[in-house]
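Values in this text are rule-based calculations from the coordinates and carry no lab data. Because the structure is predicted, anything quoted here is derived from the model rather than measured. Note that each Cβ is placed from the backbone with ideal geometry, even for glycine, and that neighbours are counted across all protein chains shown.
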Amino acid sequence: MDPASRTPYGLVNDGALVVADDATIAWIGPVDDLPPELLASARTVEGVDGGVITPGFVDCHTHLVYAGNRARDFEMRLSGAHYADIARTGGGILSTVRATREAGFARLQAASEQRLHALARSGVTTVEIKSGYGLDRETELTMLRVARSLGARCGVDVRTTYLGLHAVPPGFTDSEAYVDFVIEEMLPLVAAERLADAVDAFCETIAFSRAQVARYFEAAQRLGLPVKLHADQLSDGGGASLAAEYHALSADHLEHAAPEALLALAQSGAVAVLLPGAAYFLRETKRPPVAELRRLGVPIAISTDCNPGTSPLVSMPLALNLACTLYGLTPEEALTGATRNAARALGIGERIGTLRPGQVADLVVWDVDHPREIAYGIGMEPIRAVVRHGQPHYRGDSR
Ligand code: DI6
Ligand code: FE
């Protein structure tokens, strides 16, 4: 699918795709236009009769490294408790922090690996993984190391994000003192060990203020680390305009974003990452401003937000379905959001996310007649194969 072409979905009928020895796409187009010398020099030729090929999914916002689960919170919310109340009374994120601190590297790796395998089977070839359930020096570094280790184990490219400002951990009575600790000790350490590709923060009434996040972003940028933000998920905390001000790679969630902040977001070039799994699981009825984002031309990405508290979701096709049913995205927008725009949200759109020459050959071969079927199924994952760096990786058992 060539994004430059104007056919819906950029679909090429009766197409051919050539992978070079360096695992990039060498050529793509209608099979009738395939230069004969390319076919003659090919080492292997595979037919995908009747199938559809898309770029591999890029899951650009996950918290999949954690221990334990939050089924108890789920039960409490269904009996009337609110997410923010559970968080304020030591449940929520802090209960996952306790479990994650206790787990240690090996248990954390084993639990997280299962989730990443599930995502990979659902077509994900690149994943972003955040820290943020350690919130102390040792466990945050362990989380980032576990995240990095999972790439080779699951055959997925991993981008790591240091989520230092996720919650104020026990032992800090004052959130300012925790922000100081993160800025003075953690950011320099994470940067020196090259453990993170970016940093993130939770800008929210129950988490960190705009001023605190601004201070953290400045410190991160001085160390050369790109920033992104959990913006206006539960309330309007000025997150969208803050993300714009600091030229964040992405502003994520945005359910409660102020309409006047969106123009600044558009001008900043940030990607809006929408996370319908969290809206579904929290039964949030406030919708992100999709029409306004479209009107302003803000690229929209879709991700699972895989995490124990608000989105225990390990399927990208299901995330696409939720984006369509809950947010009114078209199946085509959802697919673009999970590939091209998600790659852009990670700052790696030059290398992955589309099918064009020069891009890495990360592909999904779908057992469908048309790409609209990818977002259509609820829990269907009609995957014939996932190809990573030009090599068949997962073989599906669809149909
Ligand atoms: N927003 C989210 O949706 C997750 N983190 C965040 O900042 C939730 C994390 C959790 O509840 O464990
Ligand atoms: Fe999140």
- Message: I need the peptides 87-99, 285-297 ranked by packing, meaning the mean over residues of other C-beta atoms within 10 angstrom, with the highest value on top.
- Response: 87-99, 285-297
- Task: For a quick protection proxy, order the peptides 236-247, 211-222 by their average other-Cβ count within 10 Å, most packed first.
- Result: 236-247, 211-222
- When the helices in the chain are scored as -39500 (n - 2.57) per DSSP H run of 4 or longer and the sum is shared across all residues, what 222 nm value do you end up with, to the nearest 500 deg cm²/dmol? -11000 deg cm²/dmol
- Length gained when the stretch GLU184-THR330 is fully extended (0.36 nm per residue, less Cα-Cα span): 48.1 nm
- Item | Zone of ARG294's modelled label, taken as backbone nitrogen in the stretch 4-31 under 15 Å from a point 7 Å along Cα→Cβ | 9
- Query: For the stretch 230-242, what does the Karplus curve 6.51 cos²θ - 1.76 cosθ + 1.60, with θ = phi - 60°, yield as ³J(HN,Hα) per residue in whole Hz, taken in order and with x for Gly and Pro?
  - Reply: 6, 10, 6, 6, 9, 7, 7, x, x, x, 4, 6, 5
- Query: So, in nm, how far is label LEU11 from label ARG194 when the simple model puts each one 7 Å beyond its Cα toward the Cβ?
  - Reply: 4.4
- Task: Could you tell me how many degrees, from 0 to 90 and to the nearest 10, lie between the Cα long axis of helix 316-327 and the main elongation axis, the longest principal axis, of the Cα atoms of the chain?
- Result: 70
- Note on the structure: Neighbours of PHE217 by Cβ distance under 14 Å: Lys/Arg at +1, Asp/Glu at -1, summed charge +1
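If we sort 71-79, 196-204 on the protection proxy, mean other Cβ atoms within 10 Å, highest first, what's the order? Mind showing how you got there, number by number?
On the way: 71-79: 13.1, 196-204: 25.8.
Output ranking for 71-79, 196-204: 196-204, 71-79.
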- What's the FRET efficiency of GLN391 with ASP369 using the Cβ-Cβ distance as r and R₀ = 22 Å, to the nearest 0.05? 0.25
- Task: Counting only C-alpha contacts under 8 Å and six or more residues apart, can you give the relative contact order of the chain as a whole percent?
- Result: 19
- Note on the structure: Going from the fewest other Cβ atoms within 10 Å to the most, one would list LEU165, LEU322, LEU187, LEU39 as LEU39, LEU187, LEU322, LEU165
